[in-house]
Amino acid sequence: MERFDVVVIGAGAAGMMCAAEAALRGRRVLVLDHARAPGEKIRISGGGRCNFTNLGVHPSRFLSDNPRFCISALSRYTPADFIALLDSAGIAWRERTLGQLFLEGSARQVVDLLVRRMTEAGAELRLSTPVRDLTPAAPGFRLALDSGEVVADRVVLGTGGKSIPKMGATGYAFDVARRLGLALVEPRAGLVPFTLAPDLLERLSPLAGVSAPARVTAGGTTFEESLLFTHRGLSGPAVLQASSYWREGETVAVDLAPGVDLLARLRAERGRAGRQSPAALLAELLPARLARTLAEGAQAPPRLGDCNDA
Ligand SMILES: Cc1cc2nc3c(=O)[nH]c(=O)nc-3n(C[C@H](O)[C@H](O)[C@H](O)COP(=O)(O)OP(=O)(O)OC[C@H]3O[C@@H](n4cnc5c(N)ncnc54)[C@H](O)[C@@H]3O)c2cc1C
């Protein structure tokens with residue numbers, strides 16, 4: 001029977017960081033993953049360029065039932081620490097909008113860096129290795145693998161969230177926690193697109209592919225970035241972020257002309273250039289296809305001069 005100080009289940013971003021830190025502190029560490037490759041979600045992150053941190057990282061911006069956890073975690077490991085790690089490995093990065101930092105090259109560089117860091121510190125990585133059973137065995141835990149039994153003082157559940165099962169995601173950590181009687185916060189989807197009810201979708205689906213700057217508010221929190229109409233509903237950075245604050249039944253407010261007093265503008269133009277169409281005026285502020293759809297949806301008369309305030 002093999003013995004380890006720490007067994008980490010899941011070679012994702014969290015598991016590999018954890019394994020490296022434990023190994024750097026002299027622990028004997030084994031990392032297990034049922035997938036054939038480590039860090040698959042990192043590989044597809046940020047459209048393949050890995051949005052690895054943000055200059056505006058702050059505990060107040062984390063959603064958690066235990067906000068104090070973020071305060072201590074973020075004071076001990078800051079964005080500057082991860083930037084220094086990339087710099088030390090010669091991995092090029094750059095800032096995009098709103099303090100978002102992306103790699104210049106492939107996200108695979110981050111996967112390789114995390115694997116190298118933990119294995120050079122002495123952690124052992126075993127891929128294609130499902131855990132058949134995990135039981136408490138005072139002291140520590142006993143793990144049944146196809147190759148035999150492993151005993152560990154500590155087990156870290158680093159198997160991530162449930163999204164994208166075809167990339168290896170499972171609800172394993174939730175199942176184990178429930179079985180061991182640990183309290184769980186009910187998992188919810190976060191950073192996800194909104195699907196629309198059939199009637200609204202029918203009206204908006206011709207806009208699929210159109211993107212526009214927007215201010216999206218849900219649960220009292222507002223994000224101002226771009227919004228994307230899709231075949232199923234709404235997506236884009238502003239919508240994805242707002243989704244984490246939304247609860248079933250609540251209103252989502254979408255302002256498609258942020259910073260513009262649209263009614264004042266329409267009134268002024270009605271007096272100045274009443275012969276133009278409402279869609280043409282809206283198209284000065286919005287993508288033309290969106291302007292046309294909104295004007296048609298409002299059943300506006302063909303000429304701005306014939307429109308009333310309503
Ligand atoms: C399309 C997309 C784009 C993203 N872009 C970004 C971005 O740019 N920046 C950013 O910060 N975040 C991004 N994210 C989020 C980020 O990828 C995740 O938050 C992060 O990967 C979570 O890390 P993790 O280690 O907790 O879990 P994961 O990365 O999911 O790792 C979990 C590991 O556990 C393994 N596993 C699961 N079940 C078992 C089991 N039963 N036995 C053994 N092993 C198991 C899996 O194979 C996997 O390797 C993105 C996510 C997606 C889906």
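The values are calculated or read from the model by the stated rules, or taken from the named source; none is laboratory data. No experiment lies behind these values; they were computed from the predicted model shown. Ideal geometry is used to build each Cβ from the backbone, glycine not excepted, and the neighbour counts take in all protein chains shown.
Listed values, structure above:
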item	result
Restricting segment 2-19 to residues that are surrounded by fewer than 23 Cβ atoms within 10 Å (Cβ to Cβ) and in contact with a helix residue (DSSP H, G or I) (Cβ under 8 Å, 6 or more places away or on another chain), the residue that is farthest from Phe82 (Cα to Cα)	Asp5
Some residue of segment 288-308 being among the β-branched types (Val, Ile, Thr) and either within 30 Å of Ala189 (Cβ to Cβ) or in contact with a strand residue (DSSP E or B) (Cβ under 9 Å, 6 or more places away or on another chain) (or both)	yes
Segment 233-255 - residue that is part of a strand (DSSP E or B) and aliphatic (A, V, I, L, M) and, of those, surrounded by the fewest Cβ atoms within 10 Å (Cβ to Cβ)	Ala253
Cross-chain or 6+ apart pairs with Cβ under 6 Å, segment 29-54 first and part of a helix (DSSP H, G or I), then crowded, with 20+ Cβ neighbours inside 10 Å and aliphatic (A, V, I, L, M)	Ile42/Ala13; Ile42/Ala107; Ile42/Val110; Ile42/Val111; Arg43/Ala107; Arg43/Val111; Ser45/Ala107; Gly48/Ala107
Tally of residues being surrounded by 15 or more Cβ atoms within 10 Å (Cβ to Cβ), within 8 Å of the ligand (Cβ to nearest atom) and under 14 Å from the mean Cα position of the chain (by Cα) across segment 20-48	4
Filtered residue count, segment 175-201, keeping only those that are under 26 Å from Ser235 (Cβ atoms) and among the hydrophobic types (A, V, I, L, M, F, W, C)	9
Matching entry among Glu269, Glu296 (being among the acidic types (Asp, Glu), under 17 Å from Leu200 (Cβ atoms), surrounded by 12 or more Cβ atoms within 10 Å (Cβ to Cβ) and more than 30 Å from the chain's Cα centre (by Cα))	Glu296
Boolean, Ala107 is crowded, with 20+ Cβ neighbours inside 10 Å, closer than 22 Å to Ala20 by Cα and over 19 Å from the mean Cα position of the chain (by Cα)	no
Segments classed as helices (runs of 4 or more DSSP H), wholly inside segment 107-214, with at least 3 members that are within 12 Å of the ligand (Cβ to nearest atom), out of contact with any His (no Cβ under 9 Å at 6 or more places or on another chain) and farther than 30 Å from Leu294 by Cα	108-120, 172-179
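Quick grid of which residues meet (1) surrounded by 14 or more Cβ atoms within 10 Å (Cβ to Cβ); (2) in the same structural domain as Glu40 (by TED's automatic domain parsing):
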site	(1), (2)
Pro165	no, yes
Phe174	yes, yes
Leu200	no, no
His231	no, no
